[in-house]
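Reading through the structure tokens given below for one structure.
The values are calculated or read from the model by the stated rules, or taken from the named source; none is laboratory data. Keep in mind the model is a prediction, meaning the values are calculated, not measured. Glycine gets a Cβ as well: all are built from the backbone with ideal geometry, and neighbour counts include every protein chain shown. Just so you know, the surface numbers come from the protein's heavy atoms only, side chains and all, with ligands and any DNA or RNA stripped out. Shrake-Rupley method; radii C 1.70, N 1.55, O 1.52, S 1.80 Å.
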Amino acid sequence: MAADHKDLPRHYYTLEEYFALERTGDARYEYWDGEIICMSGGSRQHAMIGGNLYFRLRAQLTADCQTFNADMPIRTPALPPYRYPDASVACGEIVFENINGIDVLTNPILIVEVLSPGTEHLDRKEKRAAYQSIPSVMELLLISQDAPIVTQFLRPSEAEAKEWEHRYYDDPAAVIELPSINCSLSLRDVYDGIDFN
């Protein structure tokens with residue numbers, strides 16, 4: 001009788017082992033409390049949505065802002081050492097920190113995650129909380145790859161409650177206003193080339 005996978009002993013990786021893999025590996029990895037998760041090799045839809053986002057944001061931004069793709073790690077002090085979102089934007093003086101030989105962005109203003117079936121639960125909870133704890137982050141987009149659905153989180157102003165406002169978009173004709181970077185994204189542009197049938 002085969003052993004149940006959950007009953008098998010688990011190897012907990014150290015941060016040193018993780019950094020060694022990050023420096024020598026060809027893929028991107030995230031460290032999750034002793035586990036290492038490969039962030040590369042997603043679905044065709046995931047790659048197309050990520051490309052659409054980068055292209056649409058880059059085309060609208062002023063010279064004061066820079067768009068980054070999924071290769072740029074973001075420092076997440078609440079969930080060390082860093083995460084790899086699918087897209088991010090930083091404006092003004094862009095600040096990097098070198099963490100064990102990896103250049104890591106420390107002050108993004110907008111972060112975008114395209115949800116993957118294997119990591120969606122982490123993206124919606126722990127990862128979202130880690131991103132929202134970064135003082136510079138004003139907006140976060142969670143984008144489904146299986147249906148035209150986007151959830152936008154907006155940091156409250158100091159005069160408002162502590163809860164982040166969230167908006168839900170599922171109409172293909174919808175336009176998402178991004179006040180933090182003075183841009184907008186239509187769902188049609190986000191999902192350009194994707195067929196959900």
Worksheet item: Among the residues of region 22-53, which ones are open to solvent by 60 Å² or more (accessible area, probe 1.4 Å), closer than 25 Å to Pro80 by Cα and either of a type in the set (A, V, I, L, M) or part of a helix (DSSP H, G or I) (or both)?
Response: Arg23, Thr24
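Among strands (runs of 3 or more DSSP E) lying entirely in region 62-157, which contain 2 or more residues that are in contact with an Asp or Glu (Cβ under 7 Å, 6 or more places away or on another chain) and farther than 29 Å from Asp170 by Cβ? Spell out how you get there, then give the answer.
On the way: elements: 65-68, 87-91, 96-99, 102-105, 110-114, 139-143, 150-154.
Filter on region 62-157 gives 102-105.
A quick yes/no check of all residues on (1) without any contact (Cβ under 8 Å) to a residue 40 or more places away in the chain; (2) of a type in the set (A, V, I, L, M):
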| site | (1), (2) |
| --- | --- |
| Ile109 | no, yes |
| Leu115 | yes, yes |
| Leu122 | no, yes |
| Arg128 | yes, no |
| Ile143 | no, yes |
Worksheet item: Residue check: is Glu97 modelled with pLDDT of 95 or more and over 21 Å from Tyr54 (Cα atoms)?
Response: yes
